[in-house]
Structure formats: structure tokens, C-alpha cells
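In what follows, a single structure is set out as C-alpha cells and then discussed.
Just so you know, all these numbers are worked out from the coordinates, no wet-lab data involved. The model shown is predicted, which means the values in this text are computed figures rather than measured ones. Every residue, glycine as well, gets a Cβ built from its backbone with ideal geometry; the counts of neighbours run over all protein chains shown.
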Amino acid sequence: MVDRSHSRMRYENIAGALLFIAGVLAFLGIITAETLYPGYSTSQNMISDLGATDTPNSIIIQPSSTIFSAAMAVTGLLITASAYCINRAFRKREVTAPLALFGIGVLGVGIFNGSYGDIHGIFALMAFVMGGISAITSSRIERAPLSYFSVILGGIALLDLFLYYIMGEASPFSAFGLGGLERWIAYPILLWVTGFGGYLIGHSRA
């Protein structure tokens, strides 16, 4: 029983470290790519424009494209690996399955930038949807108040995404521009990733 408990704590600690690094890396990767992209607007430009704008006239700006794509690819790998560790620690697939799909979606965004058209769109949508769901389902292995914050952050991301697909530019989030609207989906998820990682590290120590 002692060995099993130590093994669980080890996997929990590793998962927390992977998620914390993933959240920080994603934020810093986006910020760095933005600062090196001439004329970039966080209101009017989509986050994925940092890798490449949409087809058919795709524009790739270096070194922003490489920085963003590399950051997303590594972030996706870290999140996917954390899902394995969390599964070993908690044995709750309703938590780890969405998290693994979230990681795969982010990885796909890093590998297939906007110049790949629909393929990029599919992975981006997967990342957004599964990221929001992951935040909500993580509340099953968290204690309050983080469990409440996770549901709120995941709910904000999914509500923004849902309203945009239903209402288009009539969505209240459209007041921030398409870039701002997308950030109200992505940033709550990344905040949750970072916070959840820190929680797992502290919980494993306890």
C-alpha cells in the first residue's frame, strides 16, 4: 500500500510539473511570437495567424511562425504526457480522455499551421472544445475552491465558442474583435492548465 501511494504521488507530481510547464510555455510562446510579428493586433488577428494565416493566400512571418508552432507542438506533447500520468495516479478516464484529446489538438495546431486549411481548423476546434471540457471534468479530482474555478474557466471558453458558432459576429464576445474573442476561449483554458498543474504539484507534496 505504501509503494502504491508513493507511485501515485510520483505520477501526480510529474503530471503537475508537465501541465505547469505547458501553460507557461504556451503563454510565453504566444507573447514572444506576437512581439516579433510586425503590425500584429491582438484584437483583429487570430492567435493561429502567428503560425500562418488562413488559405488560400497564407502569410508566414518568421521567426514568429517557428516560435509559435514549436511552442504549440511541445505544449501539446506535455499535455498528452500529463494525461497518461494523471490516469496512472487517479484512474479516471472521464478526466484523462478529454485531456489527452486536448493535448493532441494543441499538438496538431503546432504541426499544421493555418496554411494547411481545414486540417488546422479541425485540430484548433479539438483543442478548444476538449480544453474547455478538460477544465470542467478536472473538478472531479480537485478540491474546492479550484474545482469551482476550473468549471468557471472551462465554462467561459465553451460558452464563448458556442455563442460564436451560433450567433457569429452577433456574439457579445465579438466586441473584442475576432482575435479578442478567440483569446477569451484560449486564455481561460491556459490559465486552468497552469493552475491545475500547480495544484497537482502541491497536492502530491501534501
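Summary table below
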quantity	calculated
Within a Gaussian network of the chain (alpha carbon springs, distance under 10 Å), most fluctuating of ILE61, ILE166, ILE21	ILE166
Mean ellipticity per residue at 222 nm, deg cm²/dmol - from DSSP H runs of n ≥ 4 across the chain, formula -39500 (n - 2.57)	-26000 deg cm²/dmol
Debye intensity ratio in log₁₀ form over the Cα atoms of the range 146-188, taken at each q of 0.15, 0.19 Å⁻¹	-0.33, -0.51
About the Cα centre, charge dipole magnitude for the chain (Lys/Arg +1, Asp/Glu -1 at Cβ), debye	1060
Degrees, to the nearest 10: 2-35 long Cα axis against longest axis of the chain	20
Equivalent-ellipsoid semi-axes of the range 1-40, from the Cα gyration tensor, Å, largest first	39, 4, 4
Calculated FRET efficiency for the pair ALA170/TYR148, C-beta based, R₀ 25 Å, to 0.05	0.25
Calculated P(r) tail over 26 Å for the range 1-119, as whole % of Cα pairs	31
Rg to Rh, two decimals, where the range 72-145 supplies the alpha carbon set and Rh follows Kirkwood	1.04
Degrees separating the helix 146-167 axis from the principal Cα axis of the chain, which is the longest one	30
10 Å binning of all Cα-Cα separations within the range 88-206, expressed as whole percents from 0 upward	14, 41, 32, 11, 2
Relative pair counts by distance (%), Cα atoms of the chain, 5 Å bins	1, 8, 15, 20, 19, 15, 10, 6, 3, 1, 1, 0
Angle in degrees between helix 93-111 and the longest Cα principal axis of the chain, rounded to the nearest 10	30
Relative contact order of the range 67-206, defined on C-alpha pairs under 8 angstrom at six or more residues apart (%)	18
Neighbourhood charge, 15 Å Cβ-Cβ cut-off, centred on SER138 and excluding it, Lys, Arg +1 and Asp, Glu -1	+2
Choice from LEU158, LEU28, LEU78 showing the highest fluctuation, given a GNM over the chain with Cα pairs closer than 10 Å	LEU28
Selection from CYS85, GLY117, PHE128, by position along the positive dipole direction of the chain (Cβ)	CYS85
